[in-house]
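The values are calculated or read from the model by the stated rules, or taken from the named source; none is laboratory data. Every value quoted in this text rests on a predicted model; they were computed, and no experiment measured them. A quick note on method: Cβ atoms are made from the backbone with ideal geometry, for glycine too, and the neighbour counts reach across all protein chains shown.
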Amino acid sequence: MTFDFTLTILAAGSLTLLLALSSLVVATIIGLATAFAKLSDSRALRSAAGIYTFVIRGIPDLVIMLLVYYSLPALLNQWADAVGWDTHIEFPPIIAAIATLGLIFGAYMTETFRTALLNIPKGQIEAAVAYGLTRPRILVAIIIPQLIRLALPGFTNNWLVLAKATALASLIGLQDVMFRARVAAEATSKPFTFFLVAAAFYFLVTLISFAFLTVVARRYEIGIRELAS
Amino acid sequence: MNWGIIGENLPLYAEGAKLTLFLAFGALLISFPLAVSLAFVRNSKVRALRYAVTIYTLVFRGTPLLVQLFLIYFGLAQFGLIRTSILWPWLSSPIVCVLIAYVLNTTAYSTEIFAGGLRHIPVGEIEAARAYGLSHWAQARRILIPAMLTRSLPLYGNEMIMVLQATSLASTVTLLEITGVARRITLDYYIQFEPYVTAAAIYLTITLVLVTIFHFVQRRWAGYLDPRSS
């Protein structure tokens, strides 16, 4: 019995990982775009990016998730009613969860990428321009390889927080590890056991990600000499 | 739009905000002395002690706060020994469980923040303290703790805001803090938009006030660490 429930909980691990990885992709895209917006010459872009990161970081993750899952469709339905459309909009939990986590961690990624971009020496870009490299070529050959190295520690950190934040999706009905643990806890009289199984799952994800990203970081640090202190 | 309903229920939100602030600052207040002491243990010369603290912070930073909260609030009831103990009236109360979970969680993060600050104190400051013949206790009180805290200010400020926002999870264990109040109104009046937007606005305002205070504190007490402007 305990064993069966443990298996169903762990089987939901693929859904949790799918949610985490999809959100990571969305967050990385939003983060990169917003980081470039923050460093752009246009004041409108800069302040839009600033407002986005401030608002997201000022509201709890759970509230943002409830806003996306409950409030946004309610608002859209009100508008649809007002113009006379006969539709009922509702988001599936997985879509709402990916959108929410993408939005939240996009804001954190923005800071990571912005700091990394600022740490690429300006002289390198100037040299590339002097050599007549085109802008896409500068981006691919000069900026991105260094961006990966410089942003990796922050990126790792954001991923670790993101993987744990996926547990919130269970509160809007996504049947992830946390949701299944709760079902098992309520069906049996062993809540501690099953929440511990869930905790072990998240802990393992943290440990594996950490080990993997340490290896990647070493790969990108080849050829970097630190000043001897 | 149903902003009238929100207007009628503003007193509920005020109660919720009070509970939110109580939970956040209660947890921070209890956790602070624990984290300061554990930061020293985390850098101790005794390997067993150092490892014990490292494992504690690793486990609590490596699992979701929601799981920790559920383990304490729902999980402890599994053990008959705890259910029959004299502590049970306390351990079955959601407020106590939330406080225990948040204290354990934020102490893990704060310990790492302070321990990092401690490691970055210039060796010269400690050598100077020794050269002046300060006792261990005086070294800690006059030199190490102040230097550690000022160096940790920006990160600790972030952590405080994290704790404030994490209090929204308390709504999942029946507490009527800001998020709980919003949830209750959505259920009572069948409106989904206004209650959560109001909750978000309240959190945003509290965060804005805290960030402004941190800027001031940072400039006042840690200003000497800023790079010199040329």
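If I ask for residues that are free of Cβ contacts under 8 Å to residues at least 12 places away in the same chain and within 8 Å of another protein chain (Cβ to nearest Cβ), which ones from the range B:194-230 would you list? Once the filter is applied, which keeps residues that are free of Cβ contacts under 8 Å to residues at least 12 places away in the same chain and within 8 Å of another protein chain (Cβ to nearest Cβ), the range B:194-230 yields B:197, B:200, B:204, B:208. Only residues that are under 26 Å from the mean Cα position of the chain (by Cα) and away from chain B (no Cβ under 12 Å) were counted across the range A:171-193, and they come to 4.
Of the residues making up the range B:4-36, those that are assigned to a helix (DSSP H, G or I), touching a residue at least 24 places away in the same chain (Cβ under 8 Å) and over 21 Å from the mean Cα position of the chain (by Cα) are B:5, B:6, B:12, B:13.
Would you confirm, using the coordinates I've provided, whether residue B:191 is touching a residue at least 12 places away in the same chain (Cβ under 8 Å), facing another protein chain (nearest Cβ under 10 Å) and under 25 Å from residue B:21 (Cα atoms)?
So residue B:191 fails the test.
Yes or no, residue by residue, for (1) among the β-branched types (Val, Ile, Thr); (2) touching a residue at least 60 places away in the same chain (Cβ under 8 Å); (3) away from chain B (no Cβ under 14 Å):
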site: A:6; (1), (2), (3): yes, yes, yes
site: A:12; (1), (2), (3): no, yes, no
site: A:21; (1), (2), (3): no, no, yes
site: A:26; (1), (2), (3): yes, yes, yes
site: A:42; (1), (2), (3): no, no, yes
site: A:53; (1), (2), (3): yes, no, no
site: A:76; (1), (2), (3): no, no, no
site: A:90; (1), (2), (3): no, no, no
site: A:102; (1), (2), (3): no, yes, yes
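Every condition in (1) modelled with pLDDT of 95 or more; (2) buried (at least 22 other Cβ atoms within 10 Å of the Cβ) holds for residue A:164 except the one numbered (2). Taken residue by residue, the range A:148-155 has no member that is in a helix (DSSP H, G or I) and in contact with a Pro (Cβ under 7 Å, 6 or more places away or on another chain). As for the range B:36-52, it holds at least one residue that is in contact with a Lys or Arg (Cβ under 6 Å, 6 or more places away or on another chain) and either at negative phi or surrounded by fewer than 20 Cβ atoms within 10 Å (Cβ to Cβ) (or both). Consider the range B:37-71 and keep the residues that are assigned to a loop (DSSP other than H, G, I, E, B) and more than 14 Å from chain A (Cβ to nearest Cβ). The one that is nearest to residue B:165 (Cα to Cα) is B:43. Has the range A:139-155 got at least one residue that is within 14 Å of chain B (Cβ to nearest Cβ) and at pLDDT below 95? Looking for residues that are within 14 Å of chain B (Cβ to nearest Cβ) and at pLDDT below 95, one finds at least one in the range A:139-155, hence yes.
Of the helices (runs of 4 or more DSSP H) lying entirely inside the range A:32-110, none contains at least 2 residues that are in contact with an Asp or Glu (Cβ under 9 Å, 6 or more places away or on another chain), on the phi > 0 side of the Ramachandran plot and of a type outside the set (Gly, Ala, Ser). Restricting attention to the range A:88-116, the residues being in contact with a Lys or Arg (Cβ under 9 Å, 6 or more places away or on another chain) and either more than 30 Å from residue A:67 (Cα to Cα) or modelled with pLDDT under 90 (or both) number 1.
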